[in-house]
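A quick write-up on the structure given underneath.
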Amino acid sequence: MADQGDFDIGQLSSSQQEALGQYTQVTNQEVKDAIPLLERSQWNVQIAIAKFFDGEGPDPVAEAMAQQDQDLPRMAARHDNLQESLFHSASQPRRSRRQAPDPAPRIVPQPPRIHRPPFLIGLLLAPFSIGYNVVSRIFRTVWYLLSFLPAPIRPRALTNGAARGLRNTTGRRMLMPQDTAARFKREFDEEFGDNELPWFEGGIAQAQDAAKKDLKFLWVVLMSPEHDETASFTRDTLLAPEVVDFIKDPANNIILWGGNVLDSEAYQVAQEYSCTKFPFSALVCLTPKEGSTRMSIIKRLAGPMPPSTYLSEAQTAINKYAPDLEGARAERTAQEVSRNLRDQQDSAYERSLAKDRERARQRREAEKAAAEAAKRAEEEAAAAERLEQQRADWRRWKATTIEAEPPATDKEVARIALKMPESSGAGRIVRRFRNSATLESLYAFVECYDILGEGAGQDSRQQLPPLDYKHEYRFQITSVMPRTVYEPSEEQSIGETIGRSGNLIVEEIGPDEDSEVEDEAT
């Protein structure tokens with residue numbers, strides 16, 4: 001381990017000391033310099049080692065944490081105990097305590113179910129059913145005619161029934177929630193003219209889901225066309241400029257939904273929201289302080305009222321629950337920020353691991369390539385050494401097969417003068433060959449000349465040529481004028497090719513010249 005110096009590592013935890021030991025064993029860095037780097041790496045040994053060897057660039061984890069710390073909303077800390085809470089609750093007047101609001105159920109309109117009795121029972125009850133239909137049609141006709149009478153002389157039952165919205169809704173065709181909302185907006189615009197009210201284009205269930213998701217207030221407006229005060233309330237109160245501006249203001253976080261109680265969906269909303277008088281409005285929102293995750297009705301506004309009163313009542317309820325929604329919104333934002341921070345940390349860690357894996361893979365490939373290159377070099381060196389040994393063995397064997405120089409008195413001879421390469425040091429030599437000797441024997445003589453000169457040509461120990469070896473001459477024999485290359489041939493004789501005498505040159509051939517000669521031969 002690196003020198004610890006005067007730094008006290010007793011203040012570190014066991015896991016931190018273990019990480020410090022692993023890091024210093026690999027990097028051999030001083031403890032006083034290693035601890036700050038490990039702290040910046042969140043005590044992750046792999047990340048710290050990568051920073052030590054690769055250099056410490058911009059840290060995405062630290063930058064993300066710093067950025068999130070600046071943007072992270074802070075909620076006021078609250079410290080209570082049971083005794084203080086009970087004392088505070090008992091000391092407050094009962095009327096000042098906030099009562100839990102009524103829940104606002106999620107309403108999904110269902111198509112009306114038609115119950116059909118069995119066939120035999122239906123057959124027995126057919127006369128009663130026909131009589132009931134006749135009487136009901138007569139009653140509805142009379143009811144419809146009485147609805148045209150002035151309000152002072154209109155029967156009380158007709159007025160109360162319209163006020164309660166207790167009219168058969170089967171007269172209007174049931175549509176999908178989006179289509180129902182579009183029909184309500186179209187009828188509203190046709191009756192009261194163009195307006196700037198931001199009606200929600202969907203069902204009450206979708207409006208509640210949007211308000212719950214975005215932590216907004218849901219403003220529900222239910223209208224009964226049969227009520228006498230619906231038109232005046234709409235023109236004087238709902239369409240008042242101050243009310244429209246308040247609902248449109250994005251800072252108030254309001255979703256406006258309206259319905260006609262003649263529609264099945266709005267009729268169900270009126271029943272679930274305990275609507276007893278028209279026109280009816282209700283404010284719905286999430287109430288987290290009451291420990292509920294459901295939407296609650298925080299205010300009901302029933303009956304006609306001036307726009308100032310209508311707006312004041314709604315604004316009071318919104319101001320009462322707005323801090324709760326702000327707190328829930330801040331908490332949700334904090335959770336989202338924390339989740340994003342964790343994702344960024346995980347992403348940074350994964351990138352670091354990916355870099356380490358890539359570096360390890362490259363190192364393994366480099367080591368493998370180096371080992372293969374070394375093995376290949378050893379094999380090539382062994383092959384070259386074996387080839388040279390076979391070449392030497394072949395020369396010793398070939399030296400034993402070369403005929404002795406014929407005497408000068410022999411007339412069937414050719415006198416050949418050979419200029420040897422400068423590397424051989426032999427200079428110019430002259431020798432007699434039989435006319436019938438082949439060019440191969442001339443090449444063999446030049447190849448084995450140094451052995452013949454040492455008397456090794458009579459060495460009988462090499463009686464056979466080496467197996468699996470084909471000798472290649474590293475020189476060629478040419479004439480001076482004109483220049484002609486004589487190839488080592490077993491068929492052409494010296495007398496036929498060169499004549500009774502000749503001045504020849506022995507030229508060495510390098511590796512490149514060998515390939516060129518082979519290409520020319522091909």
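Listed here are the helices (runs of 4 or more DSSP H) enclosed by region 115-170 that have at least 1 residues being modelled with pLDDT under 80 and within 60 Å of the chain's Cα centre (by Cα): 156-163. Answer yes or no as to whether LEU301 is assigned by TED's automatic domain parsing to the domain that holds SER232, assigned to a strand (DSSP E or B) and in contact with a Ser or Thr (Cβ under 7 Å, 6 or more places away or on another chain). Yes, satisfied. Taken over region 275-307, the criterion of being surrounded by fewer than 20 Cβ atoms within 10 Å (Cβ to Cβ), hydroxyl-bearing (Ser, Thr, Tyr) and in contact (Cβ under 8 Å) with a residue 40 or more places away in the chain is satisfied by THR276, SER292, SER296.
Is region 384-400 home to any residue that is outside the structural domain of VAL485 (by TED's automatic domain parsing), more than 29 Å from SER489 (Cβ to Cβ), at pLDDT 90 or above and surrounded by fewer than 17 Cβ atoms within 10 Å (Cβ to Cβ)? Yes, that holds for at least one residue. Residue count for region 206-235, restricted to those that are surrounded by fewer than 16 Cβ atoms within 10 Å (Cβ to Cβ) and within 42 Å of the chain's Cα centre (by Cα): 4. Against the conditions (1) assigned to a helix (DSSP H, G or I); (2) more than 20 Å from SER312 (Cα to Cα), ARG235 satisfies every one except (2).
For region 191-202, check the following and say yes or no: at least one residue is touching an Asp or Glu at 6+ places or on another chain (Cβ under 6 Å) and of a type in the set (A, V, I, L, M, F, W, C).
Taking every residue of region 191-202 in turn, none turns out to be touching an Asp or Glu at 6+ places or on another chain (Cβ under 6 Å) and of a type in the set (A, V, I, L, M, F, W, C).
Here ALA417 does not fit the description of being surrounded by 10 or more Cβ atoms within 10 Å (Cβ to Cβ), under 43 Å from the mean Cα position of the chain (by Cα) and either at pLDDT below 90 or over 30 Å from ARG300 (Cα atoms) (or both). If you check ALA369 against the conditions, is it surrounded by 10 or more Cβ atoms within 10 Å (Cβ to Cβ) and free of Cβ contacts under 8 Å to residues at least 12 places away in the same chain? Yes; evaluated as a whole, the condition is true for this residue. Among the criteria (1) surrounded by fewer than 15 Cβ atoms within 10 Å (Cβ to Cβ); (2) at pLDDT 75 or above; (3) not assigned by TED's automatic domain parsing to the domain that holds ARG294, the one ALA104 does not fulfil is (1). When you look at GLU403, is it loosely packed, with under 13 Cβ neighbours inside 10 Å and touching a residue at least 24 places away in the same chain (Cβ under 8 Å), yes or no? Considered against the rule, which asks whether it is loosely packed, with under 13 Cβ neighbours inside 10 Å and touching a residue at least 24 places away in the same chain (Cβ under 8 Å), GLU403 comes out as yes. Take the residues in region 11-34 that are closer than 14 Å to ILE49 by Cα and among the polar types (S, T, N, Q); name whichever of them is surrounded by the most Cβ atoms within 10 Å (Cβ to Cβ). That would be THR24. When LEU325 is tested against (1) of a type outside the set (S, T, N, Q); (2) modelled with pLDDT of 90 or more; (3) touching a Cys at 6+ places or on another chain (Cβ under 7 Å), just one condition goes unmet, and that condition is (2).
The values are calculated or read from the model by the stated rules, or taken from the named source; none is laboratory data. Only a predicted model underlies this, so the values are computations on that prediction, with no experimental measurement involved. Cβ atoms come from the backbone with ideal geometry, glycine included; neighbour counts cover every protein chain shown.
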